[in-house]
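Take a look at the structure below.
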Amino acid sequence: MDPIARLFNSPARLKLLRLFLFNDDIGLTVPDIAFRTNVVATTVRKELKVLIAAGIVRKRSEKGKVGFVANKRFAHYDALQLFLRTTTRVDDAVILTTLKKAGTLRLVALSGLFTGAVETKADLLIVGDKLEDKHLEKLVHTLEAELGRELRFAAFSTEDFRYRVGVYDRLLRDIFDYPHRTLLDKIGISGNLSPK
């Protein structure tokens, strides 16, 4: 179990806290929360009661729908948000292990959310062969549930990636010209978009 989850007494509660504090400008329904956190609805309802009682989350009714939103007036809101931002991460090995289930990976690079580079258009670049789009989306969703945030990702076949490198594709330049981390490189990019 994640050590931070131990502090909050529940991995599900930690996922809900991250979701609300990292997306504090939107209201969410129970089905939305369950989908975005990969937590079953009954557990979501139980954890919501705890978070409402603590004053971190509040109920909001809109157009006949009951939604929930972060309570920005919570006494320790900023401190809790800062704590969660600085302690939330997914190990590189977990990211690779998760993504390998989608096909044969050739390159995985992290940017944006993972490196603090706000200028980039993607947080995650995945290059591989025999990648199954639907399966890849589900795997990225698994990572999003752990992080409490949506990930912007781009996935290419090796052939398509090499073509894009050759034409100096803007998306690739946005990733490689700004701070990034390469988790896997079987293509030989070495950070400068020049395949070996």
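The values are calculated or read from the model by the stated rules, or taken from the named source; none is laboratory data. Given the structure is predicted, the values throughout are model-derived calculations rather than measurements. In this analysis, Cβ positions are derived from the backbone assuming ideal geometry, glycine residues included, and neighbour counts consider all displayed protein chains.
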Which one is nearest to Leu17 (Cα to Cα) among residues in the stretch 119-171 that are polar (S, T, N, Q) and touching a strand residue (DSSP E or B) at 6+ places or on another chain (Cβ under 8 Å)?
Ser157
Is the stretch 111-124 home to any residue that is farther than 22 Å from Phe156 by Cβ, free of Cβ contacts under 8 Å to residues at least 24 places away in the same chain and surrounded by fewer than 18 Cβ atoms within 10 Å (Cβ to Cβ)?
yes
Scanning the stretch 51-72 residue by residue, those among the hydrophobic types (A, V, I, L, M, F, W, C) and buried (at least 17 other Cβ atoms within 10 Å of the Cβ) turn out to be Leu51, Ile56, Val57, Phe68, Val69, Ala70
Based on what the data block shows, is Leu16 modelled with pLDDT of 90 or more, assigned to a helix (DSSP H, G or I), surrounded by 14 or more Cβ atoms within 10 Å (Cβ to Cβ) and not assigned by TED's automatic domain parsing to the domain that holds Leu147?
yes
Check Leu96, Leu107 and return the single one that is under 20 Å from the mean Cα position of the chain (by Cα), part of a strand (DSSP E or B) and within 20 Å of His135 (Cβ to Cβ).
Leu107
Looking at the stretch 73-100, which of its residues are of a type in the set (A, V, I, L, M, F, W, C) and surrounded by 13 or more Cβ atoms within 10 Å (Cβ to Cβ)?
Phe74, Leu80, Phe83, Leu84, Val90, Val94, Ile95, Leu96, Leu99
When you go through Ile26, Ile33 one by one, which is the residue that is closer than 18 Å to Glu144 by Cβ and out of contact with any helix residue (DSSP H, G or I) (no Cβ under 8 Å at 6 or more places or on another chain)?
Ile26
Select from the stretch 110-146 the residues that are of a type in the set (Val, Ile, Thr) and in a helix (DSSP H, G or I) and write down the one among them that is nearest to Leu172 (Cα to Cα).
Val140
Applying the selection to the stretch 34-86, what residues are part of a loop (DSSP other than H, G, I, E, B) and either aliphatic (A, V, I, L, M) or on the phi < 0 side of the Ramachandran plot (or both)?
Val39, Val40, Ile56, Asn71, Lys72, Arg73, Phe74, Ala75, His76
